[in-house]
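To start, the structure under review is shown below, and the notes come after it.
None of the figures in this text is laboratory data; all of them are computed from the coordinates on show. All of these numbers come straight from a predicted model, not from anything done at the bench. So basically every Cβ, Gly included, is an ideal-geometry build from the backbone, and we count neighbours across all protein chains shown.
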Amino acid sequence: MAKQYEQAYFDKWYRDPEHAVASPAELRRKVAMVVAQAEYYLGRPIRNMLDIGCGEARWRAEVRRLRPRIEYRGLDSSSYVVQRYGRTRQIGLASFGQLQHLRFDQRFDLIVCTDVLHYLAPAEIRAGLEGVVDMLEGVAFMEVYTSKDDVVGDREGFRGRAPGWYLKAFGEAGLLPCGSHCYLGPRLQRRIAALERAWPQT
């Protein structure tokens, strides 16, 4: 039976004190860090963002707290999420792999994909990364956990790959790591100094 992302799932992992994996304060700090990173490399405030696998769009409120006029677009594969929040929180129905073909009429200053890729098959990851890179104007925050991490939370379907697997897949797609799960797309890579890279070239 396929994993179900219904209301009970979000209640358990995001609202139940016994299972919730991140506090509101932790999310707020993370969002502030990512927004600052994107704006540092873009050289201006972010104007729009794409949140892939957004769930109930927890990032939306926190980003809008910092940038009230930002244009937010979320994508999720959960029919529950889209039926309940799609219109009010700007969430469309799509899986990560569908980004291979899905495009919008703009590129995004910030693309976020958190706690998604380590549940997906390699072919879907590689397919979706094509779209991420093509639509990325600024920074992508690709929060992924690996076989080297002490993973807390939902372990159903978790695929504990080596860190090098993701670095290779991201690099082949055109993403350059700049630290703390952040990656630069091809349009910004010329602006980064050698020692800003998470894995400097020797």
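Just a few scattered comments:
- Highest mean packing first, where packing is the average number of other Cβ atoms within 10 Å per residue, the peptides 76-87, 137-148 line up as 137-148, 76-87.
- Two-decimal Rg to Rh for the chain - Kirkwood Rh, Cα set: 0.94
- Label point distance in nm, residue 40-residue 180, each placed 7 Å from Cα along Cα→Cβ: 0.7
- In a fully extended conformation the segment linking residue 6 and residue 33 would gain 6.8 nm over its present Cα-Cα distance, using 0.36 nm per residue.
- With contributions of -39500 (n - 2.57) from each DSSP H run of at least four residues, the per-residue ellipticity at 222 nm computed over the chain stands at -10500 deg cm²/dmol.
- Diffusion coefficient, µm² s⁻¹, Stokes-Einstein with Kirkwood Rh over alpha-carbon pairs of the stretch 99-141 at 37 °C and 0.692 mPa s: 304
- Interchain or long-range residues, amide H under 5 Å from residue 51's placed H: 73, 74, 75, 112
- Taking the convex hull of Cα positions in the stretch 22-93, its mean projected area over all directions (nm²): 4.8
- J(HN,Hα) series, the stretch 77-89, from Karplus relation 6.51 cos²θ - 1.76 cosθ + 1.60, nearest Hz, glycine and proline x: 8, 8, 5, 4, 4, 5, 5, 7, 10, x, 6, 6, 10
- The stretch 101-174, relative contact order [Cα under 8 Å, separation at least 6], %: 38
- Using C-alpha pairs under 8 Å with a sequence gap of at least 6, the mean separation divided by the residue count of the chain gives a relative contact order of 18 percent.
- For a label point 7 Å along the Cα-to-beta-carbon line of residue 197, residues of the stretch 150-184 with backbone N under 11 Å: 176-178
- Overall, the ratio between the Cα radius of gyration of the stretch 111-202 and 2.2 N^0.38 Å, rounded to two decimals, is 1.07.
- Alpha-carbon radius of gyration plus Dmax, which is the widest Cα pair, for the stretch 109-164 in Å: 12.1, 33
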